[in-house]
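Student: The structure follows.
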Amino acid sequence: MNGARILEGLNDEQRRAAVAVRGPVAILAGAGTGKTTTITRRIAYQVASGAFLPEHLLAVTFTEKAAGELRDRLAALGVSGVEARTFHAAALSQLRGLWERHAGTRLPEVLDHKAPLIASLANALPPPHRFLPRRELAGEIEWAKHRMVDPGRYLTELDGTGHEPPIPAELMLRVYDGYERRKASTGRMDFEDMLGLAVRMLESYPAAADAVRERFHAFTVDEYQDVNPLQAALLERWLGGRDELCVVGDDYQTIYTFTGASPEHLLGFPDRYPGATVVRLERNYRSSPQVLSFANGLATHLGGFRKTLVATRPAGPDPVAAAVGDEAAEVATVVRAVTTLRDEDVPLEEIAVLHRINARSEPYEEAFAAAGIPYQVRDGAFLRRPGPRATLQRLRRAAGDLSVEDAVIAATDALGFDPEGSPDADEEVTRQSDLARLRAMAHEFTASHPDRDTSAFVEELARRFSTEHSGRGVNLLTFHRAKGLEFEAVFLPRLLDGELPFRSGRAKADPDEERRLLYVGITRARRFLFLTWPTDGKTGPSPFLAELGVRATATRRRGRTRAAPTAAPAGPVGDGPVFERLRSWRRSRAQADGVPAYVVFHDRTLARIAERMPTDRAALAAIPGIGRTKLERYADEILDVVAAG
Ligand code: ATP
Ligand code: MG
């Protein structure tokens, strides 16, 4: 594809970044301003302009999915051969290609989970520490490794940062040190080692560094605000003093500081590279002005580098913020609203329900399955998560003479179910909550089917979660997973103090980071945004709601919360023969154009047309929701459909 085509549709600033094919470039800009779009075009332009061969380019994204999307988009621009990977995948591929040749030893095997290596070390701890979930110890080891703190420096780092380990520091050091030794002696490497080992290889073996640098001449990093010290160190080794680097990011969306990430890498870029092309984008191409101005309420509390976002999209409905009675009512409200959106032809794949931790997807999985609505869980659906998976394995092996409930109690007890516990790590909160949910389901099952056995229970579970698919249906995902993505409609349920900001056990998530998470969540929405929170719990609404201008004053003494929704949910839509004819016209038109029906017209617009029965273009043009382009494109056909009655 020629250069002009590649740059088509970009605004002046985006274009300035895209044509800056050489040298350091930084794009510092807010959500939905086209950062990812711009780097994609820049890479294509680097190739089309002849500045670089595609195989000399490496683009690093945050998730495998983002890497895949980047490759697809480049392919659509006629570019193939560019490497687009996560930091981990890039590091692993370099290790696989170069380690043995240069280091002269076998590359350690990748260790999927730390827990098995930690288990016996944990068992050797004195009580009560011995009973701490392995996941908590693994989390602490990760804390140190993300910061490149080896066991030798661990205690000093704790002193310096004030960070508190889950068990006394000396004991934790013993576990960390033992873990590292065992890992080395069994020839394994964990997830963090992939980056650390790649850094070491490039430092210790100049010939390996030369090979990598010969292979890659220029680098692009998306979501640069979230790079941690290990990733930054690796990137530096790749560059080896060169400055062919393009970074893009938004400090307002820094959500990985718990791994040691810091937006300082992004904000300090222009100082580190004084000759850099620095581009700031202000036009938001994603969200309606209503969603944007709502998000801006939070932006004023985010500190950092001030950015104003200018809306370019057409007006949409006001965001809805509403208190609901309890969790069941909240789930029902979300499912009902999803059904309404579906009836308005918003594709289910364009709808997302975001959670702070994985555990919260479970009630939605059940409710969507019960309503016959397909859904997909990005971070592992209930039945595929560690707790339920391990329980089901045990149930399959369990002796047949126990009732279903007793069998599930025995299995979950053996897996460390602890209703009194208050774990620190959110993975463990999820696992405990999943085990509790399985016990509750087993209790109900035994009460209603006392004669049926565990295999019937396993079948019942499969049925209950039956509408789960991959790549199809409503998206259930965490705020962290949602970064970089966009959806027509976004639901943010359970906005409670203690959930967002998250707290569990000794773990108190940094409120500033949690506010940024909410900001990321809100800015995923194109048009429809729903925020809800139940009012029956032990805790009040999220304090961030007040910052958003939502009046959600907790009057907990009376056990109630008042909320002022900023708007009512979408109103009813039309019926009648003209409306039906318009819908069927829209269906065939959308099919012929290969676009979703709602892109042609929303139900509400069709309802207005049916109501007003326009007989000419002027009358049609006066109907809200019909802009100039749509008038040009559809007026004749619509007037025919209306007149046909
Ligand atoms: P985030 O901060 O969430 O990662 P981003 O800055 O990377 O967002 P993109 O995902 O690249 O933003 O773009 C947001 C939306 O805007 C996408 O739907 C994209 O296609 C669209 N877009 C980007 N630039 C333009 C443009 N110049 N004209 C029209 N649409 C655009
Ligand atoms: Mg992006």
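Student: Beyond 20 Å, what percent of the Cα pairs of segment 1-106 remain? Intermediate values should be presented prior to the final figure.
Tutor: On the way: 2441 of 5565 pairs.
Of all Cα-Cα distances in segment 1-106, 44 percent exceed 20 Å.
Student: What does the convex hull of the Cα atoms come to per residue for segment 62-202, in Å³? It would help to have the intermediate numbers written out before the result.
Tutor: Values: hull volume 18.3 nm³, N = 141.
Dividing the Cα hull volume of segment 62-202 by its residues yields 130 Å³.
Student: Taking the alpha carbon gyration tensor of the chain, what are the square roots of 5 times its eigenvalues, largest first, to the nearest whole Å?
Tutor: Working: eigenvalues 354, 269, 107 Å².
Semi-axes (√(5λ), whole Å): 42, 37, 23.
Student: Mean projection of the alpha-carbon convex hull of segment 110-187 over all orientations, in nm²?
Tutor: 4.9 nm²
Student: Along the Cα-to-Cβ line of D150, 7 Å from the Cα, sits a label point; which residues in segment 196-230 have backbone N less than 16 Å from it?
Tutor: Once the point is set 7 Å along Cα→Cβ of D150, 196-205, 230 turn out to lie under 16 Å by backbone N, inside segment 196-230.
Student: Where in segment 449-468 does the label zone of D401 land, with the point 7 angstrom along Cα→C-beta and an amide N cut-off under 17 Å?
Tutor: Zone members listed by number: 453-454.
Student: Which of the aspartates and glutamates could be linked to K630 by a straight reach, that is with a Cα gap under 17 Å, when you skip same-chain ones fewer than 8 residues away?
Tutor: Output for K630: D593, D603, D616, D640.
Student: Same structure, new question: Compute the Cα gyration tensor for segment 415-483, then decide on rounded, prolate or oblate, letting a ≥ b ≥ c be the square roots of its eigenvalues: rounded whenever a/c is under 1.5, prolate when a/b is larger than b/c in the other cases, and oblate in all that remain.
Tutor: Oblate is the answer for segment 415-483, as a/c is 1.5 or above yet b/c matches or exceeds a/b.
Student: How many times 2.2 N^0.38 Å is the alpha carbon radius of gyration of segment 156-246?
Tutor: So segment 156-246 has a normalised radius of gyration of 1.38.
Student: Under 29 Å Cα-Cα from K65, which lysines qualify once same-chain neighbours fewer than 8 residues away are excluded?
Tutor: Straight-distance partners of K65: K35, K114, K145, K307, K483.
Student: Pulled fully out, how much extra length does the chain show between A328 and L239, if you take 0.36 nm times their separation in residues and subtract their Cα-Cα distance?
Tutor: Details: separation 89, 0.36 × 89 = 32.04 nm, distance 5.27 nm.
In short, 26.8 nm is gained.
Student: Ok, one more. What's the ranking of 119-129, 7-17 by average number of surrounding C-beta atoms within 10 Å, highest first? Display every interim value, and only then the final one.
Tutor: On the way: 119-129: 12.8, 7-17: 16.8.
The packing order, highest mean first, is 7-17, 119-129.
Student: Please work out the FRET efficiency for the pair V278 and D575, using the Cβ-Cβ distance as r and a Förster radius of 51 Å; give the result to the nearest 0.05.
Tutor: 0.40
Student: Starting from the eigenvalues of the Cα gyration tensor, five times each then square-rooted, give me the equivalent ellipsoid semi-axes of segment 296-444, largest first, whole Å.
Tutor: Taking √(5λ) for each eigenvalue gives 37, 20, 13 Å, largest first.
Student: Which loop trypsin sites (Lys or Arg not before Pro) in segment 425-528, with loop taken from DSSP, have no more than 16 other Cβ atoms within 10 angstrom of their Cβ?
Tutor: R452, R472, R506
Student: Report relative contact order for the chain in percent, whole number only (criteria: Cα-Cα under 8 Å, sequence separation at least 6).
Tutor: Values: 1070 pairs, mean separation 94.6, N = 645.
Reported as a whole number, the value is 15 percent.
Student: Still on this structure, please answer the following. Roll a 1.4 angstrom probe over the protein heavy atoms and tell me the percent of accessible area of the chain that is carbon or sulfur.
Tutor: 50 percent
Student: Using the Cα centre as the reference, give the magnitude of the dipole from point charges on the C-beta atoms of segment 205-301 (Lys, Arg: +1; Asp, Glu: -1; all else neutral), rounded to the nearest 20 debye.
Tutor: In debye, rounded to 20, segment 205-301 gives about 140.
Student: Please report the relative contact order for segment 1-69, taking Cα pairs under 8 Å with a sequence separation of at least 6, and give it as a percent rounded to a whole number.
Tutor: Numbers: 46 pairs, mean separation 23.5, N = 69.
Taking the mean separation of contacting Cα pairs over the length of segment 1-69, I get 34 percent.
Student: Using only the Cα atoms of segment 176-224, what are the Rg and Dmax in Å?
Tutor: When restricted to the Cα atoms of segment 176-224, Rg and Dmax are 14.4, 40 Å.
Student: Ok, one more. Please figure out what share of the DSSP beta bridges in the chain is antiparallel and state it in percent, rounded to the nearest 5.
Tutor: Bridges in the chain that DSSP calls antiparallel: roughly 10 percent.
Student: Order the peptides 154-160, 223-229 from the highest to the lowest mean number of other Cβ atoms within 10 Å of their residues. Don't skip to the end; give the middle numbers.
Tutor: On the way: 154-160: 14.1, 223-229: 24.4.
Per-residue Cβ counts within 10 Å, averaged per peptide and sorted highest first, yield 223-229, 154-160.
Student: Let me ask something additional. Whose amide H sits under 5 Å from the amide H of V79, counting only residues 5 or more places off or on another chain, with H placed in the peptide plane?
Tutor: Those lying under 5 Å, H to H, from V79: there are none.
The values are calculated or read from the model by the stated rules, or taken from the named source; none is laboratory data. Note that this is a predicted model, so its numbers are computed, not measured. Because the Cβ atoms are built from the backbone with ideal geometry, glycine has one as well, and the counts that use them run over all protein chains shown. Note: accessible area is taken over every heavy atom of the protein model, side chains too, but ligands, DNA and RNA are not part of it. Shrake-Rupley method; radii C 1.70, N 1.55, O 1.52, S 1.80 Å.
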